Structure formats: C-alpha cells, structure tokens
Amino acid sequence: MRKGILTIAAVGLLASGGLTACSDDSGTGSADSKKTPKIGVILPDSKSSPRWETADRRFLEEAFKAAGVQYDIQNAQNDKATFQTIAEQMITSGVTALMIVNLDSGTGKAVLDKAKSQGVATIDYDRLTLGGSAQYYVSFDNETVGKLQGEGLAKCLTEKGAKNPVVAYLNGSPTDNNATLFKAGYDSVLKPKFDSKEYTKGPDDAVPGWDGPTAATIFEQQLTATKGKIDGVLAANDTLGNAAISILKKNKINGKVPVTGQDASVEGLQNILAGDQCMTVYKAVREEAKAASDLAITLAKGEKKDTGQTVKDPEGGRDVPSVLLTPKAIYKDNVKDVIADGYATKEQVCTAAYAKFCAGAGIS
Ligand code: BGC
C-alpha cells in the first residue's frame, strides 16, 4: 500500500453527534438505519481549476457507478447563493449524504448545519469548512502540497543558477483554507531562505477566488512594482501559474523565470514540457473521489468508519475524522507518470505544438 493512502477499517468507534439521525447500532433495524444511499455533491466552480469538471466529476461518477448508488453532482459556478440553493434542493430531494467543496467557510457551515439538522450525512470534500460540522474531511496533505511547491521552486532556481533571487507569491483565495495550508507549506521551505538572505522576498499577494485573469493583473502589477526584478514565482495552482506565464510571455522572459503550479492540468503539463513552468503538484483525484464515495455510502447505511486520522479545525476546535492522501511533485521528466495514471491523455497533452516536447520527455 502506498504511503498516505489510509486503510479505512469498518470500525464503529467514532462518537459523532451528527450520526444520530441515521445510525442504529442496536441491530433492531429502524427505518432510518438502512437508507438507500443517494449522494449529493456540490463542486465550487469550473474556472479556478479545470480539475473540478474534468477530474472530480469524472472520478466521483466512476466511484458512484461502481458502487451502484444514486448521485447528483452539481456545480455552484463560484456563486454562494447558487451553492446554498443547490444544497437546499438536494436536501429536499432526499439525499442521504451531502459532499461539499465550500466557496467559503461561512456558506459552507450554513449548508452543513442545515444538512445535519435534517439527518443528512456530511463530508467536506477537498476543502475543510472552518467552524463547520462535517462528519468527515477527505483531501490531500495540503501542507505537503505547499512544501513540494517551495522545494520545486528552489530546485528550479538552483538549476537556473539564480543568485539572491527575488521570489514573488501568487497565493490562492483568502477564503479557501487550503490556500492557507499551501502557504504554510511553501513558507516552511522559503522563509528560512529569505531570513538567511539567500533569497529576497518579493511581492506576496492572494488571488481572490483563484481567478486567472485577476492573477494576471496582480502579477503585472508585481512586475511593475519590482521594475521587472522577479526571478521566481510561487504560484499556488496551475491557473495562477499560467496567468503569470502569460505576462512573462508578454515581456519575453518566459522560461527564464521559474513558476510553480498545482493540479497537473493539461495546460500546466504543457507549460512544463515547453519549459515555461517549473513544476506542478499532482493529486490523484481518483483516490480522493473513491475515499469520499466510500465514506458517503457507509454514512448513508447508518454505519461509521475509523479513518485512523483527524485534522484539527482551527476555528471550531474539533478533531475532524479525515482521510488525507499524498501529493506528488511533477517535473518535465515525470509528466509521463500523470498520463500513465490516466489523469490526462497523451492526445490532450501532446497536441501539434507540444509533440516535440512530448517526444523529448519520453511520452510516446
Ligand atoms: C484545491 C486545488 C484547486 C484550488 C482552486 C483548492 O482548494 O485544493 O486543487 O486548484 O482549490 O480551485
């Protein structure tokens, strides 16, 4: 078994208050204890990252179909009111479990509390809702994601022979707890280098909503403010990375300034192959979807699982039972691993403009 993929033993050890409405361990078989699973999923948007529609939807469908459960997957398109409306409709339609990727902790919490009050099982999928009430949290080790980004940028700066490089930050959305965790991860690698004056800390900005066009505007301002003196960009995902790359291209310095990313998007992989992006972080969403689907089905049956791990909610103070999977750094030489894993296809990545780079990176 690979590290980080936790065995989910079916042990009913967790004392979770939210389970009362659908749990009956006495074996008397109340009507509620054997609900036919119907799982509702609310995805956040389709622009901050292509992953939600191209990977999460696909792999969640795959997992639900394999398990033979009913499901309803909807996308809130970055609109909090829509997010709440979808949740209410799903609860009314009788979902037994609700899985959310929150747009912020406030609306996330409102939705989780409403579901809980109606006896609907809840899972925080990918993003932890601070102060929330989800029964489980399924994600990746997000601080490690950030650490891989920090280490990746350092590796690429060394390869470029950069001396006292100025590093700029394009952080994720301030409303996303994951963005906080990614930053804690890359700061753990880069801050010691700023403190020792090996590197110089440049502009450090968050990008609201993980929005690509906003990131491009912010990065252009960062370049102006530093009079063009940015030697490396810690971009928190491939969307933000591509925004920085578009501005570097405009200034004809793409390829000279390493840029990080996350999500192993087709665009990110192509940017890496072309030498415009230093690295990305691959998160095997198939495993994340499978773990969440397994938990949702268990909860719908009125059962509980011991995930063997908890995450502390810094706001609510709760220890949330969690499944945290292991992310992987991707550079030019292992882009092929993402394709071999079925996350992206050769046809998607190796289009005419990238064919020669694919051949050079052993993708055949
Ligand atoms: C996810 C990333 C994604 C970002 C923007 C984060 O919460 O973990 O994979 O790139 O949101 O959608």
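Every number in this text was worked out from the coordinates using simple rules, so none of it is lab data. Please read all numbers here as calculations on a predicted model, not as lab measurements. Note: ideal-geometry Cβ built from the backbone for every residue, glycine included; neighbour counts use all protein chains shown.
Only residues that are in a helix (DSSP H, G or I) and under 30 Å from the mean Cα position of the chain (by Cα) were counted across the stretch 217-233, and they come to 7.
Please go through the stretch 189-216 and pick out each residue that is loosely packed, with under 15 Cβ neighbours inside 10 Å, part of a helix (DSSP H, G or I) and not hydrophobic (A, V, I, L, M, F, W, C). K191, P192, D195, P208, P213 - these are the residues of the stretch 189-216 that are loosely packed, with under 15 Cβ neighbours inside 10 Å, part of a helix (DSSP H, G or I) and not hydrophobic (A, V, I, L, M, F, W, C).
Within the stretch 287-300, the presence of at least one residue that is among the hydrophobic types (A, V, I, L, M, F, W, C), under 21 Å from S46 (Cβ atoms), within 16 Å of the ligand (Cβ to nearest atom) and buried (at least 23 other Cβ atoms within 10 Å of the Cβ) is confirmed. Out of T158, T144, I need the residue that is within 16 Å of the ligand (Cβ to nearest atom) and either touching a residue at least 40 places away in the same chain (Cβ under 8 Å) or over 19 Å from N251 (Cβ atoms) (or both). Which one? When all the criteria are applied, what remains is T144.
Where helices (runs of 4 or more DSSP H) fall entirely within the stretch 40-140, those with at least 3 residues that are more than 16 Å from the ligand (Cβ to nearest atom) and crowded, with 22+ Cβ neighbours inside 10 Å are at 80-92, 105-117.
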